[in-house]
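Notes for the one structure printed next.
The values are calculated or read from the model by the stated rules, or taken from the named source; none is laboratory data. Note that the structure is predicted; figures quoted are calculated from it, not measured. Here the Cβ is made from the backbone with ideal geometry for all residues, glycine too, and neighbour counts use every protein chain on show. The area values use the complete protein model at the heavy-atom level, side chains included, leaving out ligands, DNA and RNA. Shrake-Rupley method; radii C 1.70, N 1.55, O 1.52, S 1.80 Å.
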Amino acid sequence: PYVRHVTAVERNPDAAAVLTKNCQTSGTTNVSSLCGTIAEMVPEKPYDAMVFCFFGQKREVLQLAKKQCTGDVFVFTRNYDKHRFSAGSHRTRYEGYPQFEDYLARLGIAVHKESFTLEFGQPFRNLEEAHRFFLLYSKDQNKEVLTQAFIRSQLIETGREDLPLYLPHQKHIGFLHFSTKD
């Protein structure tokens, strides 16, 4: 209700379809969902603002914002450096909040910044589903460390019939706001 129109660009067709369906169900008429990559989806008229939510590297974000936006840029990025779905301690391969903040400072771009924490846990229907999830997302080279006992130790019971298990995770997030004019 605070903006004239929102264009959401998502490369996952299932996610884009869910947004479209949710907008139809709720009667929201000022949201368009496009399926593709933001680099390929250049608007006819530059956006007034852009939001990058856990997307891309710092240079990629700045290049896209400069090319496609005439106003404010809002970036939500991770503010941690350890992979969260592994038994061992593995560094993430992506840059995060401190690196982005430093990069903007070196470029002389004025930025409003904040950091905060949100619950970003993962629900599961059963232990087998949780095990598949860990096998898929773990960075552990030896997947044998992902025993059912280890996975069970990471989960809490929710009391819900549909999603009885939950992997809690407090995700540390960095928020950066700057203008393309800078």
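Tabulated values for the structure
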read-out: Distant-in-sequence amide H partners of THR7 (H built 1.01 Å from N, under 5 Å); value: SER32
read-out: Heavy atoms of ARG59 accessible to a 1.4 Å probe, total area in Å² rounded to 10; value: 150
read-out: Rounded to the nearest 20 debye, dipole of the stretch 125-182 from Cβ charges on Lys, Arg, Asp, Glu; value: 200
read-out: 27 Å Cα-Cα reach of LYS21 towards lysines, excluding residues that sit fewer than 8 places from it in its own chain; value: LYS45
read-out: Most mobile of ALA49, ALA15, ALA130 in a GNM of the chain (Cα contacts under 10 Å); value: ALA15
read-out: Using alpha-carbon coordinates, inclination of helix 97-106 to the longest axis of the chain, degrees; value: 20
read-out: Estimated dipole of the chain in Debye, rounded to 20 [Cβ of Lys and Arg +1, of Asp and Glu -1, Cα centre]; value: 360
read-out: Whole-number accessible area per residue in Å² for the stretch 33-182, which is evaluated in the context of all protein chains at 1.4 Å; value: 62
read-out: Selected from HIS169, LEU62, VAL6, residue furthest toward positive end of dipole (the chain; charges at beta carbon); value: LEU62
read-out: Among PHE124, PHE134, SER179 - extreme Cα towards positive end, dipole of the chain, charges at beta-carbon; value: SER179
read-out: Helix-only [θ]222 nm of the chain, DSSP H runs n ≥ 4, -39500 (n - 2.57) each, per residue, nearest 500; value: -8500 deg cm²/dmol
read-out: Exposure of ILE38 as accessible area (Å², to 10), given a probe of 1.4 Å and all protein chains; value: 30
read-out: Residue-wise HN-Hα coupling along the stretch 143-158, computed from phi with Karplus coefficients 6.51, -1.76, 1.60 (Hz; x: Gly, Pro); value: 5, 5, 6, 8, 6, 4, 5, 4, 5, 4, 5, 8, 9, 10, 8, 9
read-out: The chain shape via C-alpha gyration tensor axes, a/c threshold 1.5; value: oblate
